[in-house]
Structure formats: C-alpha cells, structure tokens
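Below is one structure, written out as structure tokens, with a few remarks after it.
The values are calculated or read from the model by the stated rules, or taken from the named source; none is laboratory data. It should be emphasised that the depicted structure is a prediction, and the values quoted were computed from it without experimental measurement. Using ideal geometry, Cβ is built from the backbone for each residue, glycine included, and neighbour counts are taken over all protein chains shown. Side chains are part of the model used for accessible areas, which takes the heavy atoms of the whole protein and leaves out ligands, DNA and RNA. Shrake-Rupley method; radii C 1.70, N 1.55, O 1.52, S 1.80 Å.
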Amino acid sequence: MAASGKMASFRLPPLPTIGEIIRLYNLRAERQLSQNFLLDMKLTDKIVRQAGSLKGAHVCEVGPGPGGLTRSILNAGAADLLVVEKDARFVPGLQLLSEAAPGRLRMVQGDILTYRMDRGFPKKIARKWEEEMIHLHIIGNLPFSVSTPLIIKWLEAMSDRTGPFAFGRTRLTLTFQKEVAERLTAGPGSRQRSRLSVMTQYLCKVRDCFTIPGRAFVPKPKVDVGVVHFTPLAQPQIQQPFKLVEKVVKNVFQFRRKYCRAFFPIIMLRLELAEQMLQMADVDPTLRPTQLSVAKFGALADAYSKLCARNPGLFSYDFREERRNKGRDKGLLAEGLDSEEDDEEHY
C-alpha cells in the first residue's frame, strides 16, 4: 500500500482533457509545421513506457503541442521535464500543466534544431559514457518535417558526445513516419536498408517499438506512425569520425541497386584506389549496398581513412563537382552510373 501511495503522488490533479484544451485555446494543427495531435492518453502512456522507468528522471520533450505526451511523462514520475516548443500558441496550455506539477515542468519556446540542450540540464547529472546509463531521456511526437534532420543532428552529436549527449548516453524515444521507422531499424538484405539504417545502427541499439495508425491523430496523416527507441552504444561499431563514416555510407548508397564494384569510383579519385579500398575492406564486389553489414561498412571506413592519410586531397574529392567541371562522359564514373540518377539514395 505504501508503494501504491508513493506512485499516486506522481499523478497530476484533475485537468481539462487534451480535447478540451484544444477547444479552450482554439488550437489547430498547422499543416506547414507538420503538426498532428495525439489525443488518446492510452497511446501516449504506451509511448512513454517504451522509454523505460522515468521515476526521478530528467526528460526533454520535443514539441509537446497541447500536452498529451507531456501528461504521460509527468504521470510516469519524471522529476524534471524540459519541454521545447516552437509554437507560442501552446504555451498557455503548457503553463496550466506546469502549475499542476510545481517544480517539475520547465518550458523553452524555441526551435529544437537550434536549441542548445547541453545547457538545459545541470552538469551534476552527467555520467561517464562507458559506465552506467544516465537517467536522461528525450521523448517526442516529432513533426514529420523535422524528424529525419533532427535524428541525423543527434546522431552526429552522439558520435561527438555533444549536445544532449554531453551528459552521457541519453536515450531517445521518438515518433517517425512508418517508412522512416522501418529504415532506421532495417537490417542487411532488407528492402528498407538505407543510409539511415547504417548511420543509426553503428552508434545505437535501435528498436521499432510499435506502430500507431494514422487515424489516431488529429488531423489524420496520410501515413501510419512508428515509435522508435534508441540506446547509444558504449562503443560505436565503427571507430571513425562521423563525417568520414557519413561520406562513405552516402557514396555507397548513391546507387543502391548497383553492385559494389560499380559505385566505388564515385568516392575515389582514381580507379586503382577504388579497387584497393574494396580489397583492404575484404568486401565482395558483387554485393549490393543493402546487403552490407555495419561491420563491412566499418571495414570500408577504416580502409578509406587509411587511403585518405596516404593521398592528400582524397577526402575533399567530390565526384559531382568533377562531373560539373569535366562533363558526364570523361571516364570518371563507373559504367552505367550516369543513367541511374533516379536511384540516388537520400536520408
């Protein structure tokens, strides 16, 4: 009974429902901001449970909107919740929540893409990266327009141990379009395997938690939504700088349906260097990009790093610039690449 009473202390007092908040403050989802409201508290509670125990945790919520997910985070026992909201229309409703949870909810009105989260929490909560997990979480029902650029930004920060990862191995529980969620978690051989798969999985343990049907949101989006949980690895699977790994992965997936032997000239200054890179990494030239494991990408990144050290100017080589300067048919690209621009891989 004592434990039950202690848990009850986390619960918020009676408040207007999220639907009532939306009507009270005349809130409408802005299409240009990719806003979709999730009103079902059972679903917001389910999202929060994917983060693990939040009892006593520090949490940053991205884009709280009318505050449904915010309520679930507070009810789960978060001791310190920082919400970052770009849209000023939601501030009054969030202020109501702040008054209902005194000392537990802080608000920042700003853009999460530029917000310095390393300044958002006290330094005393920091933990050593290789040791225990920090009790700091990022949770958010992300607008579709920012979800991919934001996770790429955070992956780079994770690699550099800056931003929200300056405190330690901060975990993330976020929503994405279902297709993006599938890319994030796709393994070798999957049709959804992409640049995003490799860049995420070399730094994180990533889990596709569950799918929320589009009809659960207001307004209803054209796609379903996936909830994805990220746990930073104590040791990344690839021991190279983020920008180098990103360049290798980007170029490998440039023409995803080609064999490996076809795409390597686009990353290398000379054909013999491309062949040397494949040999050094022990990569089968008849495999396609989607078939390569993270370990193979690590071998490619290591080989590329060594070749860059031996060949000044190699890292700055850009085959697109070369094509612009010398034309499309100067023998700089592997046979057949020019005809498959529509196959180019994007995040």
- Determine the percent antiparallel among the DSSP beta bridges restricted to the chain, to the nearest 5. 45 percent
- Query: If the chain between ASP282 and ALA309 were fully stretched, how many nm would it gain, using 0.36 nm times the residue separation less the Cα-Cα distance?
  - Reply: 7.8 nm
- Item | Per-residue HN-Hα couplings for region 60-67 [Karplus 6.51, -1.76, 1.60; θ = phi - 60°; Hz; x = Gly/Pro] | 10, 9, 8, x, x, x, x, x
- Mark the label point 7 Å from the Cα of LEU24 along Cα→Cβ and return the residues of region 71-107 whose backbone N is within less than 16 Å of it. 71-72, 89-102
- Query: For the chain, with only Lys/Arg (+1) and Asp/Glu (-1) charged at the beta-carbon, what is the dipole magnitude about the Cα centre, in debye rounded to 20?
  - Reply: 740 debye
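Cβ under 9 Å from LEU74's Cβ, LEU74 left aside: what net charge do those residues give with Lys, Arg +1 and Asp, Glu -1?
Around LEU74, the surrounding residues sum to +3.
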- Task: Using 0.36 nm per residue of separation minus the Cα-Cα distance, give me the extension gain between ARG89 and THR231 in nm, one decimal.
- Result: 47.9 nm
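What FRET efficiency would be calculated for the residue pair TYR259, GLN109, taking the C-beta separation as r and a Förster radius of 51 Å, to the nearest 0.05?
0.50
With Cβ to Cβ distances under 9 Å as the rule, what net charge do the other residues near GLU246 carry (K, R +1; D, E -1)?
Result for the neighbourhood of GLU246: +3.
Taking all protein chains in place and a 1.4 Å probe, what share, in percent, of the accessible surface of the chain do carbon and sulfur account for?
That share works out to 50 percent.
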- Which residues' amide hydrogens lie under 5 Å from the amide hydrogen of ARG171, considering only partners 5 or more residues apart or on another chain, with H built in the peptide plane? LEU136, ILE138
- Query: At 222 nm, what helix-only mean residue ellipticity would the chain give, in deg cm²/dmol to the nearest 500, using -39500 (n - 2.57) for each DSSP H run of four or more?
  - Reply: -10500 deg cm²/dmol
- Message: Residue by residue through region 104-110, what is 3J(HN,Hα) from phi via Karplus (6.51 cos²θ - 1.76 cosθ + 1.60, θ = phi - 60°)? Round to whole Hz and write x for glycine and proline.
- Response: 10, 10, 10, 10, 10, 8, x
- Please compute the net charge surrounding THR162, taking Lys and Arg as +1 and Asp and Glu as -1 over other residues with Cβ under 14 Å from its Cβ. +4
- Taking the dipole about the Cα centre of region 18-232, with the C-beta of Lys and Arg at +1 and of Asp and Glu at -1, give me whichever of SER197, PHE167, ASN141 is farthest to the positive side. SER197
